[in-house]
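Let me begin by presenting the structure, written as structure tokens, before commenting on it.
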Amino acid sequence: MVDGVAAGVADVERRVVAACERVGRARGDVTVVAVSKFHDDDAVRAAYDVGVRDFGESYPQALRDRTAALPDLDDVRWHFIGTLQTNKAQYVARSAAAFHALDRVEVAEALGRRLGGRVLECFVEVDVAGEATKAGVAPADVAALVTAARRVDGIDVVGLMCMPPLAAHPDDNRPHFRRLRELAAELGLTKLSMGTTADFEVAVEEGATHVRVGRTIFGDRPARPPG
Ligand SMILES: *Cc1c(COP(=O)(O)O)cnc(C)c1O
């Protein structure tokens, strides 16, 4: 897997630059979060070696193991992008710079209790597509969660996140991205975490400040975590 990582990073970079140019955005306004879930530590190191500093993990114990295995990569910003249960909050509170999937005030409170004076940037996850089975809060409930989470010490609500259904065509998710942008604007939030391998260029065109890209960088994921 390590072999293709530098090429994958370059491919994403080229495509993000092109998407920014199409809509007149500055490249510096978009953070590419390299989603390393299930890949081995050497793959993370390979991305680091070509300049990647933002990495995303989806499982709390995987984040814990990753940071323990790579202590020398001390300028990495770890993004926790998965659903979090309150009883696993310590793993995220300890080492994440940002949490992209806040969906309940109880999770914000559990994180807040364990931050020890640190500040954690949080995105509220929104179920923009209205799928009953999907994670995230309904658009109508976002404002209340943002208000409640902001009262928690250490929790800095910076934006909204969405994970729309896997689209047959990237453009299929454009309306969802647009909806997320409008919701964020209504709430005065400036950051948008949206877009994956399936649709990150469309997401950048629609205002994403954070795209979460795994497969284009690291290749297909192993079915299970290594080890
Ligand atoms: C796995 C994952 C991604 C990355 O998906 P790819 O298809 O590998 O780019 C992005 N966001 C979340 C929430 C994920 O779980």
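Annotations
- Contact map, the range 186-204: residues that are near the ligand (Cβ under 8 Å from one of its atoms) paired with residues that are open to solvent by 10 Å² or more (accessible area, probe 1.4 Å) and polar (S, T, N, Q), Cβ distance under 7 Å, separation 6+ or inter-chain. Pairs shown: Thr197/Thr216.
- A count restricted to the range 159-178 and to residues that are under 18 Å from Ala101 (Cα atoms) and buried (at least 21 other Cβ atoms within 10 Å of the Cβ) stands at 8.
- Count of residues meeting criterion [out of contact with any strand residue (DSSP E or B) (no Cβ under 9 Å at 6 or more places or on another chain), away from the ligand (no atom under 12 Å from the Cβ) and open to solvent by less than 40 Å² (accessible area, probe 1.4 Å)] in the range 22-50: 2
- Identification of strands (runs of 3 or more DSSP E) wholly contained in the range 143-227 with 3 or more residues that are touching a Leu at 6+ places or on another chain (Cβ under 7 Å) yields 155-161.
- Only a single item in (1) touching a residue at least 12 places away in the same chain (Cβ under 8 Å); (2) not in a helix (DSSP H, G or I) is not met by Tyr91, and it is number (2).
- Scanning the range 207-218 for residues that are more than 9 Å from the ligand (Cβ to nearest atom) and open to solvent by less than 10 Å² (accessible area, probe 1.4 Å) returns a single hit, Ala208.
The values are calculated or read from the model by the stated rules, or taken from the named source; none is laboratory data. Everything numeric in this text was worked out from a predicted model, so none of it was measured. Cβ coordinates were reconstructed from backbone atoms using ideal geometry, including for glycine residues, and neighbour counts include every protein chain displayed. Accessible surface areas use protein heavy atoms only, side chains included; no ligands, DNA or RNA. Shrake-Rupley method; radii C 1.70, N 1.55, O 1.52, S 1.80 Å.
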